[in-house]
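Have a look at the structure below, then the notes.
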Amino acid sequence: MPGVATPVVTRSGSTRITASMRTGWLAVLSVMMGIFSIVTTEILPIGLLTSIGDSFSVSDGTAGLMMTMPGFLAAVAAPTITIATARVDRRTMLWAFMVLLTLANVVAAAAPGYWAVLVSRVLMGITIGGFWSIAAGLAERLVPPRSVPRATAVIFSAVPLGSVLGVPAGTFIGDVGGWRVAFVVMAALSGAVLAALVVVLPPMPPVQVTRLGVLRDLLRRSSTRLALLVTFLVVLAHFGTYTYVTPFLEQVTDVASDAITILLLVYGAAGVVGNFLAGTRAVRYPRATFAASATLLAGATLLLPLFGTSQNGAVILLVIWGLAYGAVPVCSQTWFARSAPRAPEAASVLFTASFQATIGIGALTGGVVVDRGSPSTVMLCGGFTAVLAVAAIAVRPCHKLAVSPVPDE
């Protein structure tokens, strides 16, 4: 297959890495950076929500549309684009989506009005659904078989890294140079990733055609339906609250804007730790790890209105929250993948569509609550939603994950 070469074994028995193997790993890293730039751009407005809203005189809830629209569009784009372009070289599609991402960031940075920001988020949503669904299953086409698990882990690491670092990074850049500069930086990053993809990606003609019938078959499985339910509840709880964490810290904790950046960086660091802690556990115990993550998320958001009034209390709860959410993407994706070990691209489509649709629903729901209530009300609603996710895992145990080669719980 393109891009994969057999290692050269010397007379002494040592293995020498060939040039094409190095190129394969560079391709893996470039795909990972593509996903990182997409995830970071997607959630960038969370840390800039107030400043963007003030620039165009819109409420926090209306500004939350920047999170709502990409999620819904990505959910539609994931199956639609994957099926419609099933016979197109995957390298060409990845190039096209990175061009679209760069354009989206440029439009946002130069937006003359809030409508232009929303246009950029439409382009963002199409990019998310298309790029992620294709890129998630490319590891086996870029490196030798024995390196596929490690390469897959590298590619998927972009999700928690982008999720937990994107907001504090965007907030910091916004504080230093303004929110438009944050989008300029992301445009430069996405452009650099595009150049890397053009240089290192080998031709990748489609080898697996994902049809609508494959997706329907997956949805008939109880393990897949439970994964959808739990993912929906946990992601709804997280993005319904985290989208409005900056207004909460400003209005309830009474934290200055520069201190908010530090608090979000603390949250981000905890999220990275949570991702790696959950990674080893999620492979063998996806449901138990997912339940633990949802429990911590519920506890953090329910307690924030009580103890988040002080900066110390907010820091402790943000650390717990970061640990909890850092585990969510890897738990969800692992669950979907183990439900469909023979259809990895289809599993990635369902994972992407469900995750992104719920991001949109969460941001929209949170916006309604924050406009009609308060940031504290949003936190309480999110906490109770996470409790429902824990209950769903406990009440509806699933035994069909054993179709995976990895032993189930």
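The values are calculated or read from the model by the stated rules, or taken from the named source; none is laboratory data. None of these values were measured; they are calculated from a predicted model. Glycine also receives a Cβ, built like all others from the backbone with ideal geometry; neighbour counts cover every protein chain displayed.
Key figures for this structure:
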| read-out | value |
| --- | --- |
| Residue selected from the range 314-349 under the condition part of a helix (DSSP H, G or I) and without any contact (Cβ under 8 Å) to a residue 24 or more places away in the chain, by the criterion nearest to Ser293 (Cα to Cα) | Leu317 |
| The lone exception for Phe131 - which of (1) farther than 21 Å from Leu49 by Cβ; (2) among the hydrophobic types (A, V, I, L, M, F, W, C); (3) part of a loop (DSSP other than H, G, I, E, B) it fails | (3) |
| Selection from the range 305-351 of residues that are β-branched (Val, Ile, Thr) and out of contact with any helix residue (DSSP H, G or I) (no Cβ under 8 Å at 6 or more places or on another chain) | Thr309 |
| Count of residues meeting criterion [in contact with a Pro (Cβ under 8 Å, 6 or more places away or on another chain) and closer than 19 Å to Ile173 by Cα] in the range 27-62 | 5 |
| Residue that is closer than 30 Å to Arg225 by Cβ and among the hydrophobic types (A, V, I, L, M, F, W, C), where the choices are Val315, Val319, Val328 | Val328 |
| Residue in the range 261-275 that is among the β-branched types (Val, Ile, Thr), farther than 20 Å from Ala158 by Cβ and touching a Ser or Thr at 6+ places or on another chain (Cβ under 6 Å) present | yes |
| Filter result for the condition that a residue is over 29 Å from Leu26 (Cα atoms), out of contact with any Pro (no Cβ under 7 Å at 6 or more places or on another chain) and of a type in the set (Gly, Ala, Ser), over Ala111, Ala96 | Ala111 |
| Count - residues of the range 116-165 that are modelled with pLDDT under 75, polar (S, T, N, Q) and surrounded by 24 or more Cβ atoms within 10 Å (Cβ to Cβ) | 1 |
| Filter pass, Ala109 being at pLDDT 80 or above, closer than 13 Å to Gly34 by Cβ and out of contact with any Leu (no Cβ under 9 Å at 6 or more places or on another chain) | no |
| Conditions (1) surrounded by fewer than 24 Cβ atoms within 10 Å (Cβ to Cβ); (2) modelled with pLDDT under 80; number of the one not met by Gly299 | (2) |
| Any hit, the range 284-297, residues being outside any helix (DSSP H, G or I), more than 18 Å from the chain's Cα centre (by Cα) and without any contact (Cβ under 8 Å) to a residue 40 or more places away in the chain | no |
| Tabulated pairs, the range 34-48, first closer than 18 Å to Met93 by Cβ, second surrounded by fewer than 24 Cβ atoms within 10 Å (Cβ to Cβ) and charged (D, E, K, R), C-beta under 6 angstrom, 6+ apart or interchain | none |
| Tabulated pairs, the range 166-187, first among the polar types (S, T, N, Q) and in a helix (DSSP H, G or I), second at pLDDT below 80 and crowded, with 17+ Cβ neighbours inside 10 Å, C-beta under 7 angstrom, 6+ apart or interchain | Thr171/Gly47; Thr171/Thr261 |
| Of all residues making up the range 317-333, the number that are of a type in the set (S, T, N, Q) and either at pLDDT 80 or above or under 18 Å from Gly240 (Cα atoms) (or both) | 1 |
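Okay, residues lined up against (1) closer than 29 Å to Thr231 by Cα; (2) buried (at least 20 other Cβ atoms within 10 Å of the Cβ); (3) hydrophobic (A, V, I, L, M, F, W, C):
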residue	(1), (2), (3)
Ser55	no, no, no
Gly64	yes, yes, no
Ala78	yes, yes, yes
Trp95	no, no, yes
Ala108	no, yes, yes
